[in-house]
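A short worksheet on the structure shown next.
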Number of protein chains: 2
Amino acid sequence: MQTWDAITSRRNVRSFSDQPVSSEHLDRVLEAGRRTPSSRNTQPWDFVLITDRGQLRELSEVWVGAAHVAHAAAAIALVIGDDPEQGRRVQFDLGQATMSVMLAAADLGIGTGHAGVADQDLARRVLGLPDGKTCAFLISLGYPADRPLTPLKRPDRRPFDDVVHRGRW
Amino acid sequence: MQTWDAITSRRNVRSFSDQPVSSEHLDRVLEAGRRTPSSRNTQPWDFVLITDRGQLRELSEVWVGAAHVAHAAAAIALVIGDDPEQGRRVQFDLGQATMSVMLAAADLGIGTGHAGVADQDLARRVLGLPDGKTCAFLISLGYPADRPLTPLKRPDRRPFDDVVHRGRW
């Protein structure tokens with residue numbers, strides 16, 4: 001897919017078809033995450049790929065808004081250290097990695113949905129995380145149940161001329 | 001450009017040629033930023049586009065690492081509110097917007113470089129920001145001075161099998 005089509009086709013998907021995602025495509029999405037730039041190239045993340053239905057169902061309980069994980073073809077858990085000193089910087093870098101993953105997925109027609117993690121104990125148990133590691137959030141992946149990803153003509157966003165200032169505010 | 005080529009070609013560019021970037025292409029990059037998802041669709045950003053050489057030179061003084069801004073074809077200032085309560089969430093969203101902008105630029109062969117802002121007073125004066133607004137950082141844009149953007153075969157990142165875990169940590 002052309003880059004601009006991927007950028008304009010990406011949308012929040014929370015309902016997935018039964019069609020699996022090939023391991024080749026999952027690896028490509030993960031590779032996009034791996035290549036993401038980060039502050040001083042610290043790469044403050046690990047990615048745990050989940051495709052087991054039982055684990056996906058368990059993970060869907062980590063937050064009230066994570067139900068979509070249960071029915072996804074796969075999920076990627078973004079895992080970071082629990083050093084609060086690095087909070088803001090790591091959040092910025094996680095945002096960059098998330099966007100890379102979502103656009104690499106959209107390029108393949110794969111929808112993505114985002115979920116926070118409230119129950120860290122549950123997430124840590126399901127993912128087998130060592131001490132000092134936290135699951136920052138989950139990204140569900142799968143083919144959309146309703147309609148394929150196609151460019152959105154009128155995304156639900158502030159108007160261009162409201163967001164963009166030229167030269168000065 | 002194909003999405004995968006844009007993802008793998010993006011690199012940190014800090015030295016730009018004299019070639020200007022068309023306003024059509026700058027607007028497309030800004031449109032990618034505008035379309036970025038954010039927490040509860042809050043869109044906590046404004047983008048100020050700078051193409052005036054005098055302003056770019058002034059902005060290059062806002063941080064010791066911002067020298068590249070002086071010679072860029074353009075810069076985008078990412079402006080947010082100064083509510084510390086929303087710090088982490090906004091940083092995540094800014095990371096997503098930055099990646100959208102960088103990949104939309106790479107798709108057009110445009111290099112990007114990132115700069116923090118230490119001297120907020122200077123940034124606010126040059127950008128004409130109202131009270132309550134902060135320049136979170138700057139993205140330089142321009143065609144690379146050295147070589148065009150092409151896919152990087154061996155990016156400087158941790159090995160795939162170190163970053164990616166399957167099923168469990």
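The values are calculated or read from the model by the stated rules, or taken from the named source; none is laboratory data. What you are looking at is a predicted structure, and each value in this text was computed from that prediction instead of being measured. Don't worry about glycine lacking a Cβ; one is built from the backbone with ideal geometry, like all the others, and counts go over all protein chains shown. What goes into the accessible areas is simple: the full protein's heavy atoms, side chains included, and nothing from ligands, DNA or RNA. Shrake-Rupley method; radii C 1.70, N 1.55, O 1.52, S 1.80 Å.
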Check your understanding: Hey, among B:Asp121, B:Asp93, B:Asp131, which residue is open to solvent by 20 Å² or more (accessible area, probe 1.4 Å) and assigned to a helix (DSSP H, G or I)?
Key -> B:Asp121
Revision key, fill the gap. Expected single match for within 13 Å of chain B (Cβ to nearest Cβ), part of a loop (DSSP other than H, G, I, E, B), closer than 29 Å to B:Thr3 by Cβ and basic (Lys, Arg) among A:Arg154, A:Arg147 is A:Arg154
Review point. Closer than 19 Å to A:Leu26 by Cβ and within 11 Å of chain B (Cβ to nearest Cβ): does that describe A:Gly142?
Key: no
Review point. What about B:Trp4, is it open to solvent by less than 50 Å² (accessible area, probe 1.4 Å) and at the interface with chain A (Cβ under 8 Å from one of its Cβ atoms)?
Key: no
Review point. Only one of A:Ala118, A:Ala104, A:Ala145 is in contact with a strand residue (DSSP E or B) (Cβ under 6 Å, 6 or more places away or on another chain), small (Gly, Ala, Ser) and under 20 Å from A:Ile50 (Cα atoms); which?
Key: A:Ala145
**Study point:** Pick from the range A:80-97, criterion in contact with a helix residue (DSSP H, G or I) (Cβ under 7 Å, 6 or more places away or on another chain) and among the hydrophobic types (A, V, I, L, M, F, W, C), ranking: nearest to the other protein chains (Cβ to nearest Cβ)
**Key:** A:Phe92
Check your understanding: Does at least one position in the range B:57-65 carry a residue that is in contact with a Ser or Thr (Cβ under 9 Å, 6 or more places away or on another chain), more than 7 Å from chain A (Cβ to nearest Cβ), β-branched (Val, Ile, Thr) and open to solvent by less than 20 Å² (accessible area, probe 1.4 Å)?
Key -> no
Practice item. Looking only at the range A:71-87, decide whether some residue is part of a helix (DSSP H, G or I), modelled with pLDDT of 95 or more and either of a type in the set (A, V, I, L, M) or open to solvent by less than 20 Å² (accessible area, probe 1.4 Å) (or both). Key: no
Point to revise | Residue within the range A:8-15 that is over 28 Å from A:Lys153 (Cα atoms), within 11 Å of another protein chain (Cβ to nearest Cβ) and basic (Lys, Arg) present | key: no
Revision key, fill the gap. Output for Cβ contacts, cut-off 6 Å, separation at least six or different chains, first residue farther than 11 Å from A:Asp146 by Cβ in the range A:9-30, second of a type in the set (Ser, Thr, Tyr), reads A:Ser9/A:Thr150; A:Gln19/A:Tyr143
Review point. With B:Arg14, B:Arg40, B:Arg28 as the choices, which residue is under 27 Å from A:Thr98 (Cα atoms), open to solvent by 30 Å² or more (accessible area, probe 1.4 Å) and not in a helix (DSSP H, G or I)?
Key: B:Arg14
Check your understanding: Which condition breaks for A:Asp162 when tested against (1) facing chain B (nearest Cβ under 9 Å); (2) touching a residue at least 40 places away in the same chain (Cβ under 8 Å); (3) assigned to a helix (DSSP H, G or I); (4) open to solvent by 50 Å² or more (accessible area, probe 1.4 Å)?
Key -> (2)
Revision key, fill the gap. With criteria (1) assigned to a helix (DSSP H, G or I); (2) at the interface with another protein chain (Cβ under 9 Å from one of its Cβ atoms); (3) out of contact with any Leu (no Cβ under 9 Å at 6 or more places or on another chain), A:Ala104 comes up short on (3)
Exercise for review: Tell me which of these A:Ser140 doesn't satisfy, since it passes every other one: (1) open to solvent by 10 Å² or more (accessible area, probe 1.4 Å); (2) more than 20 Å from B:Ile7 (Cα to Cα).
Suggested key: (1)
Review point. So is B:Leu103 within 24 Å of B:Val126 (Cα to Cα) and either open to solvent by less than 20 Å² (accessible area, probe 1.4 Å) or of a type in the set (Asp, Glu) (or both) or not?
Key: no
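Has the range A:45-53 got at least one residue that is within 10 Å of chain B (Cβ to nearest Cβ) and basic (Lys, Arg)?
There is no residue in the range A:45-53 that is within 10 Å of chain B (Cβ to nearest Cβ) and basic (Lys, Arg).
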